[in-house]
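Structure first, commentary second.
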Amino acid sequence: MNHAGMLARVKKRKRPVEAGAQDQVEVKFKEVTLYLVERKMGSSRRNFLTSLARSKGFRVEDVLSDDITHVVAEDNQAEVLWAWLMGHGLRDVSRLAVLDISWFTDSMREGRPVRVETRHRIQVREPVVSVSVYCSPPTAVANVSQYACQRRTTTENHNKIFTDVMEELAESSEFNESKGPCLAFRQAASVLKSLPSAVQCLEAIQGLPCLGEHTKAVMEEILTFGRSFKVEELRCDERYQALKLFTSVFGVGPKTAEKWYRRGLRSLKEILTEPSIQLNRMQRAGFLYYSDISKAVSKAEAEALGCIIEETVHWIAPDAILALTGGFRRGKEYGHDVDFLLTMPEMGKEEGLLLHVIDRLRDQGILLYCEYQGSTFDVSKLPSCRFEDMDHFQKCFLILRLEQGQVEGERGQQRDPGDSRGWRAVRVDLVAPPVDRYAFALLGWTGSRQFGRDLRAFAQKERQMLLDNHALYDKTKQLFLPVTTEEDIFAHLGLEYVEPWQRNA
Ligand code: CTP
Ligand code: MN
Ligand code: MN
């Protein structure tokens, strides 16, 4: 190589550690292969230590590979070091001894690799469980169905440590329009939510449906290190952060969020101060009440709203049928909104009901925002085989004003002296199907989303039936099945009845 070529090489890449190679005496300790982390140590000290170790018969490699058994670092923060290691695509990092320089100096002093002690290890924290050591006998997983409608999932989630991560990965896939991976992570989270206890080792999930290689790799990471580096990286990702923030605004979907992100906008303040951005009515309400409606709604608040809605509906129509649906019907303690279903015992009398309710709420001075959608329900268009289809019933998406004094446990209470406003805004959904569709609507609007999705998939794939929020159609018999209750629907599908509080899939 000529002189200029040499210079170019030096400039382009960091000079590889070459010094020390000539110091290698015969390798005495064949079971040990060291790698010294240059970060914080610096290249000259690394070269020096490499020479020293080689002169004492240690094998030291310059490049991190699957051959390495011992990684030695100096002054590295455990989190940063592990994240860096995880990023190298090694086959099995859990087999690596990741050690502080103290192990190295002890070994140099002794002239042999000393036994690794806990004090030598660089650990993020105590691993939650060591993968193969504290493994409870595998739970009986043989009977877990791939369909959420054949599992019972209460609000008690023993595997939150995994499902939170899966849900974030699903959300990120959704932002990237990767439908397959998104669904896979959602299904995996759903299966884990149904388990009666916490997964403590990979062996315990053998045979479980819906857990692919990708999911298992994430779970292994969490089992070994108590965290997922992939998700931690994701959480620092600028695009993910921005899209998550933007879609947290009522009325902003992934498409709009992406558009704003592409225009270089990163914060809600930037959105509001950007003159060229035209917000629609829903988004304006979303920003106006952002701090309130981004705060979870408690069960007590949902109950207080239930009283207000009931009073309002029955003032208009004393024989109206009203039911709480959504997450609160499933027994959740908190929700992002409160969902109600209402109808009239006599067919056709439900027409106009919702508009009356809206008027009445406005008269009471508690209607902060209302988006009303009239019915587009047409019996002749049934059945629909599109899965994510919105239903055609009259409905409205509201923001209501809830007085603190109306909430049980908060009466006369001033929790935060700085917040003397005494009320909060809450998102409320109302749906009003005709009474002969009531059971379908109730089942659909009770959710969870995953439960409903799997009910429809089960109907289609296992029973050759089509189910949506309006009807159940038997393709073999070519007829609509008669239904008055949720139980009827499960029975037609040949499924055991699953209570609302067991549908938190
Ligand atoms: N749903 C529906 N059709 C719509 C909107 C919602 O069938 N057009 C269903 C969803 O599948 C969901 C349920 O209605 O299962 C309630 O929706 P939502 O309020 O978004 O979710 P919750 O499960 O109530 O969760 P949260 O507590 O966060 O509100
Ligand atoms: Mn809800
Ligand atoms: Mn809702």
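For E168, the shell of other residues with beta-carbons less than 13 Å away shows a net charge of -1, using +1 for Lys and Arg and -1 for Asp and Glu. The local environment of V313, defined by Cβ-Cβ distances under 13 Å, has a net charge of -3 under the rule Lys, Arg +1 and Asp, Glu -1. The candidates V116, V165, arranged from most to least accessible area with a 1.4 Å probe in the full protein assembly, appear as V116, V165.
If the only charges are +1 at each Lys and Arg Cβ and -1 at each Asp and Glu Cβ, what is the size of the charge dipole of region 16-128 around the Cα centre, to the nearest 20 debye? Walk me through the numbers before you get to the answer.
On the way: 17 positive and 18 negative charges, 49 e Å.
It works out to roughly 240 debye.
When the Cα positions of W445, Q406, P113 are compared along the charge dipole of the chain, P113 comes out farthest toward the positive end, with charges on each C-beta of Lys, Arg, Asp and Glu. A 1.4 Å probe run over the chain, with the rest of the protein chains in place, finds 52 Å² accessible per residue. The C-alpha atoms of the chain define a longest principal axis, and helix 160-175 lies at about 80 degrees to it. Pop the C-beta distance of H356 and K299 into the FRET formula with R0 = 25 Å and round what comes out to the nearest 0.05. Working from the Cβ atoms, E equals 0.35.
Across region 390-405, coupling constants 3J(HN,Hα) worked out from phi with the 6.51/-1.76/1.60 Karplus curve, θ = phi - 60°, read 6, 7, 9, 6, 5, 8, 8, 9, 10, 10, 10, 9, 10, 6, 4, x Hz, and Gly and Pro carry x. Charging the Cβ of each Asp and Glu at -1 and of each Lys and Arg at +1, and nothing else, the dipole of the chain about its Cα centre rounds to 2200 debye. Selection among L430, I101, L467 by position relative to the dipole of the chain gives I101 as farthest towards the positive end (Cβ unit charges, Cα centre). Against the main long axis of the alpha-carbon atoms of the chain, helix 179-193 sits at an angle near 90°. Summarising the amide proton neighbourhood of Y369: residues at separation of 5 or more, or on other chains, whose placed amide H is nearer than 5 Å comprise I399.
The modelled label-to-label distance between V27 and T476, using points 7 Å beyond Cα along the C-beta direction, is 6.5 nm.
A dipole drawn for the chain from +1 and -1 charges on Cβ atoms has a positive end, and of A302, A217, T163 the residue lying farthest that way is A217. Taking each residue as 0.36 nm, the span from E403 to E110 lengthens on full extension beyond its C-alpha to C-alpha distance by 98.1 nm. Potential lengthening of the chain between M347 and K269 amounts to 23.2 nm, from the contour at 0.36 nm per residue minus the alpha-carbon distance.
Phi angles of region 47-58 translate, via the Karplus equation with coefficients 6.51, -1.76, 1.60 and θ = phi - 60°, into HN-Hα couplings of 4, 4, 5, 4, 4, 4, 5, 5, 5, 9, x, 8 Hz per residue; Gly and Pro are given as x.
Under the rule of at least 5 residues apart or a separate chain, name every residue whose amide H is placed under 5 Å from the amide H of T33. Here the answer is T69, H70, since their amide H atoms fall under 5 Å of that of T33. Using the Cβ-Cβ distance between F48 and S178 with R0 set to 51 Å, the FRET efficiency from 1/(1 + (r/R0)^6) comes to roughly 0.60.
Between 0 and 90 degrees, the angle of helix 353-363 with respect to the longest Cα principal axis of the chain falls at about 80 degrees. What does the net charge come to around Q241 if you take all other residues with beta carbon closer than 11 Å to its beta carbon, with K and R at +1 and D and E at -1? Summing Lys and Arg as +1 and Asp and Glu as -1 gives +2. Candidate cross-link partners of K160 among the lysines, defined by an alpha-carbon separation under 22 Å and a same-chain spacing of 8 or more, comprise K193, K216, K230, K244, K295, K299, K332. Taking label positions 7 Å along the Cα-Cβ direction at both T485 and E203, the computed distance is 4.6 nm, reported to one decimal. Of the trypsin sites (Lys or Arg not before Pro) found in region 255-343, those in coil by DSSP whose Cβ has at most 16 other Cβ atoms within 10 Å are R263, R266, K295. Evaluated at q = 0.07, 0.08, 0.12 Å⁻¹, a Debye calculation over the C-alpha positions of the chain (equal weights, vacuum) places log10 I(q)/I(0) at -0.56, -0.69, -1.18.
Equivalent-ellipsoid semi-axes for region 238-288 (Cα gyration tensor, √(5λ), whole Å, largest first): 15, 12, 9. Among the GluC sites (Glu not before Pro) in region 423-505, those located in a DSSP loop and surrounded by at most 10 other Cβ atoms within 10 Å of their own Cβ are E496. For the chain, excluding the exposed loop sites themselves (chymotrypsin sites (Phe, Trp or Tyr not before Pro), DSSP loop, at most 13 other Cβ atoms within 10 Å), the longest remaining stretch covers 135-386.
3J(HN,Hα) couplings calculated from phi for region 202-210 with the Karplus curve 6.51 cos²θ - 1.76 cosθ + 1.60 (θ = phi - 60°) are, in sequence order, 5, 4, 5, 9, 4, x, 6, x, 6 Hz; Gly and Pro show x.
Close amide H contacts of G226 (hydrogens built in the peptide plane, cut-off under 5 Å, sequence separation of 5 or more or a different chain): V128.
The values are calculated or read from the model by the stated rules, or taken from the named source; none is laboratory data. Bear in mind that the values here come from a model prediction, so they are computed numbers and not experimental data. Glycine also receives a Cβ, built like all others from the backbone with ideal geometry; neighbour counts cover every protein chain displayed. Just so you know, the surface numbers come from the protein's heavy atoms only, side chains and all, with ligands and any DNA or RNA stripped out. Shrake-Rupley method; radii C 1.70, N 1.55, O 1.52, S 1.80 Å.
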